[in-house]
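Laboratory data are not the source of any read-out in this text; all were calculated from the coordinates shown. Predicted, not measured: the structure shown is a model, and the values here were computed from it. Here the Cβ positions follow ideal geometry from the backbone for every residue, glycine too, while neighbour counts run over all protein chains shown.
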Amino acid sequence: MATMSIPRQRWNARKFLPQFARYFILTVVIVFVLVPIVMLLFGALKTRGEFMTRPYTLPIPPRWENVITIVSEPSFWGMLRNSLLVMLAATFGVVAICSLAAFVFARMEFRTKGLAFNLFTVGLMFPINVAILPVYFVLRQIDLIDSLMGVILVQTAFQLSGNILILRGFFTAIPTELQDAAYIDGCTAFDFFIRILLPLARPALAAVAALTMIVSWNDLLVPLIVINQDKLWTLPLGTMQFQGQYGQDLSLVSAFVAISALPTIIFYLFAERQIVSGLTAGAIKG
Amino acid sequence: MQTVPAIPDLVKLKRGAGAPRLLQDNLTIAFFLLPALILFLLFVIYPIFQSVYYSLFNWKGLGPAVDYVGIENFKRILSDRVFLIALRNGLLIVVFSLALQLPLSLGLAVLVGNNLRGRAFYRTIFFLPYVLSEVIAAIMWLIILNPDPERGFINAVLVLFPGAEAQPWLGNPDTVLVAVFVALTWKYFGFHMLLYLTGLQNIPVEIQEAARIDGASVLQSFFRITLPLLYSTIRTSVYLSVLGSLQQFILVWIMTKGGPVNASETLATYMYRFGFVRFQLGYGSAVAIYMFLLCLFFSLVYQRLTRQPDYLTGL
């Protein structure tokens with residue numbers, strides 16, 4: 001029986017799901033994913049008139065007028081600078097603060113450890129979209145409204161729970177023998193952390209950093225409620241305002257959106273592995 | 001680690017021995033935890049309590065809150081038709097996500113599988129929408145959902161079919177939620193697919209092979225082996241999907257502002273409207289507390305109900 005069933009099974013599988021059907025379905029999904037992106041690029045590389053009359057053709061020849069209009073605008077570079085500043089600061093903060101805390105939770109013992117850890121997991125159930133109004137009150141009280149610092153601190157605070165969890169997972173996986181050996185050799189906990197643990201955990205730190213960079217760079221909600229003056233707009237906030245202001249000129253809006261998506265896409269292509277490993281580690285541990 | 005410690009290390013060893021060592025450890029713990037604790041207490045925990053306080057007032061945000069109204073805000077919210085629409089929409093998005101988006105993601109993950117040629121390429125493309133910001137996604141979908149078939153690609157394709165008419169997808173209260181859901185699916189299915197791909201990778205090939213040798217059909221081996229072994233991945237994916245669906249904001253706000261006539265209102269757009277547009281901060285705080293309780297309630301019940309069955313704990 002068993003020997004009979006092997007060839008029958010192979011034949012069955014082929015009949016049930018031919019290779020071409022597999023590729024066909026995947027191609028349909030690729031089209032679904034790419035249509036909005038491609039239409040955006042078409043719009044970005046056409047003049048307003050072309051986009052009105054024939055929006056669905058290839059942009060040949062490509063018109064760079066819209067792109068040039070946007071990149072020659074100093075306010076665009078201001079937004080880019082603000083976004084970069086916020087992203088770098090928040091990422092540095094998240095990586096530094098989370099690895100310190102994760103080390104304690106992974107490798108040290110103290111009486112209230114369980115309690116402290118559970119406190120941080122509350123953050124997972126209280127996402128920023130729910131918390132935004134309460135957070136706004138606090139920012140008003142400590143006078144951080146309309147400052148990039150406010151954006152950075154809030155973004156950092158709401159990235160803590162998930163990333164502490166991710167890093168704790170990675171740190172716990174590093175063999176205890178290493179720590180024992182280091183302590184016998186006279187290392188303090190701090191030495192062990194700085195000289196041995198962090199260098200070993202570099203891939204995990206890269207994953208956390210890549211993930212935080214994406215989250216911070218894409219975040220609109222926090223800048224939306226914190227920032228008032230347009231000098232301090234970040235790129236997503238600027239994109240939203242630009243769309244509100246020039247909503248009728250779809251080719252110009254397309255160009256703006258396309259340019260603001262470009263850094264993310266480039267970063268994604270380079271750091272896909274880190275982003276993916278950060279996300280799956282986070283989701284599976286959480 | 002086998003090397004002979006250098007002399008400064010020996011000195012440290014002496015100093016680090018016994019009671020001072022414990023003190024030193026406690027100091028390390030304190031200093032290491034302090035930054036995280038301060039930020040977390042200040043921006044995550046303290047606001048919860050503060051919004052409980054403000055939710056008991058009728059407060060417009062100017063000056064201190066003095067107009068104490070007790071639980072009036074909480075009562076008013078529950079009798080507001082728009083809040084109930086927002087709640088219903090949140091639940092609808094949850095149902096759509098669980099019934100359509102997650103099975104789609106799982107199906108695609110199985111299709112891509114472990115050995116498809118071009119696997120990395122498919123994964124990269126499918127995951128791309130997830131890394132683009134919600135603003136960008138929203139504007140892209142606004143453009144292609146344009147009601148005029150001369151402008152919006154979706155309607156242009158639709159009118160090619162005989163009998164189909166162009167629809168003002170976002171302008172019609174009956175279709176707006178579906179249109180928003182399609183955009184949400186576009187943005188998020190790749191994330192869930194990625195989780196399932198990782199889960200599939202962790203299933204030992206031997207088990208599938210053994211099943212095949214024993215004569216299990218493709219469907220049998222999917223339902224009896226793959227699905228049960230994906231239990232913890234599915235559990236996580238469902239959890240994240242429900243929490244995410246309940247608090248959708250940016251995509252909806254940019255695409256529809258919750259309209260037309262509140263047809264696409266979500267809990268978060270409702271809260272934003274009262275908190276930041278109408279500046280009824282007491283009322284908005286009460287909405288935030290309802291949302292928080294909803295998320296908390298779901299998290300606790302879900303974690304209790306979906307404890308991993310014993311036979312899976314080893315995997």
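Across the Cα atoms of segment A:59-140, what radius of gyration and what greatest pairwise Cα-Cα distance (Dmax) are found, in Å?
21.4, 69
Hey, can you grab everything whose amide H is under 5 Å from the amide H of B:Phe57? Only 5+ residues off in sequence or another chain; H modelled, so Pro and N-termini drop out.
B:Val69
What FRET efficiency, computed as 1/(1 + (r/R0)^6) with R0 = 51 Å and r the Cβ-Cβ distance, is obtained for B:Thr306 and B:Val82, rounded to the nearest 0.05?
0.95
What per residue convex hull volume, in Å³, comes out for the protein assembly as shown when only alpha-carbon positions are used?
That works out to 203 Å³ per residue.
For segment B:153-242, what are Rg and Dmax over the alpha carbons, in angstrom?
19.8, 55
Among B:Gly282, B:Gly190, B:Gly215, whose mean-square fluctuation peaks in a Gaussian network model of chain B (Cα, cutoff 10 Å)?
B:Gly215
Mind running the shape call on chain A? Use the C-alpha gyration tensor, a ≥ b ≥ c as the square roots of the eigenvalues: rounded below 1.5 for a/c, prolate if a/b tops b/c, oblate otherwise.
oblate
Taking segment A:18-63 as the region of interest, what is the percent of Cα-Cα pairs per 5 angstrom bin, listed from the shortest bin to the one with the maximum distance?
Percent of pairs per bin, in order: 5, 22, 21, 14, 12, 11, 8, 5, 2, 0.
In 10 Å bins starting at 0, how do the alpha-carbon pair distances of segment A:121-183 split up by percent?
With a bin width of 10 Å, the distribution comes to 18, 35, 22, 15, 10.
Pick out the long, greasy-scoring helices in chain B: whole DSSP H runs spanning 30 Å or more along their own axis by Cα, mean Kyte-Doolittle at least -0.5.
Span-like helices, by this rule, are B:19-40, B:176-201, B:281-305.
Normalising by the residue count of chain B, find the relative contact order in percent from Cα pairs under 8 Å and 6+ residues apart.
Rounded, it is 26 percent for chain B.
Based on the Kirkwood radius over alpha-carbon pairs, what is the Stokes-Einstein translational diffusion coefficient of segment A:62-214 at 4 °C with 1.567 mPa s viscosity, in µm²/s?
The diffusion coefficient I find is 72 µm²/s.
Longer than 30 Å from Cα to Cα, which of A:Lys231/B:Lys60; A:Lys113/B:Lys75; A:Lys113/B:Lys60; B:Lys187/B:Lys257; B:Lys75/B:Lys257 are they? Say none if no pair is.
Among A:Lys231/B:Lys60; A:Lys113/B:Lys75; A:Lys113/B:Lys60; B:Lys187/B:Lys257; B:Lys75/B:Lys257, the Cα-Cα distance tops 30 Å for A:Lys113/B:Lys75; A:Lys113/B:Lys60.
Mind listing the phi-derived Karplus ³J(HN,Hα) values for segment A:229-236, rounded to whole Hz, using 6.51, -1.76 and 1.60 with θ = phi - 60°, and x for any glycine or proline?
So the Karplus estimates, Gly and Pro as x, are 6, 5, 4, 9, 4, 8, 4, x Hz.
Based on the inverse mean of 1/r over its pairs of different Cα atoms, what is the Kirkwood hydrodynamic radius of chain B, in Å?
24.0 Å is the Kirkwood radius here.
Let's see if you can work this out: charge +1 on each Lys and Arg Cβ, -1 on each Asp and Glu Cβ, no other charges. What is the dipole magnitude of the protein assembly as shown about its Cα centre, in debye to the nearest 20?
With only Lys, Arg, Asp and Glu charged at Cβ, the dipole is about 960 debye.
Quick check: Cα centre of segment A:171-220 to Cα centre of segment A:96-160, how many Å?
Going from one Cα centre to the other spans 19 Å.
Decide, for segment B:38-85, between rounded, prolate and oblate: order the square roots of the alpha carbon gyration tensor eigenvalues as a ≥ b ≥ c, take rounded if a/c falls under 1.5, and otherwise choose prolate if a/b is larger than b/c, else oblate.
Because a/c hits 1.5 or more and a/b fails to exceed b/c, segment B:38-85 counts as oblate.
Taking the Cα atoms of segment B:170-315, what is the range of coordinates along each of the three principal axes, in descending order and whole Å?
Result for segment B:170-315: principal-axis Cα extents of 65, 33, 21 Å.
Tell me the Kirkwood hydrodynamic radius of segment A:154-286 in angstroms, computed as one over the mean inverse distance between distinct C-alpha pairs.
Result for segment A:154-286, one decimal place: 17.6 Å.
Given a Förster distance of 56 angstrom, what is the FRET efficiency for A:Asn228 paired with A:Val28, based on the Cβ-Cβ distance and rounded to 0.05? Mind dumping the intermediate values first?
Numbers: r = 45 Å, r/R0 = 0.80.
Given R0 = 56 Å and the Cβ-Cβ separation, E is 0.80.
Which value results when the Cα radius of gyration for segment B:19-175 is divided by 2.2 N^0.38 Å?
1.72
Which whole-number percent gives the relative contact order of chain A, counting Cα pairs below 8 Å spaced six or more residues apart?
About 30 percent, as a whole number.
May I ask you to evaluate 6.51 cos²θ - 1.76 cosθ + 1.60, the Karplus curve with θ = phi - 60°, for each residue of segment B:257-266 and list the ³J(HN,Hα) values in order in whole Hz, giving x for glycine and proline?
Couplings: 6, x, x, x, 6, 6, 5, 10, 4, 10 Hz.
Using 1/(1 + (r/R0)^6) with R0 = 22 angstrom and r between the beta carbons of B:Asp148 and A:Gln241, what's the FRET efficiency to the nearest 0.05? Walk me through the numbers on the way to the answer.
Details: r = 25 Å, r/R0 = 1.12.
According to the calculation, E is roughly 0.35.
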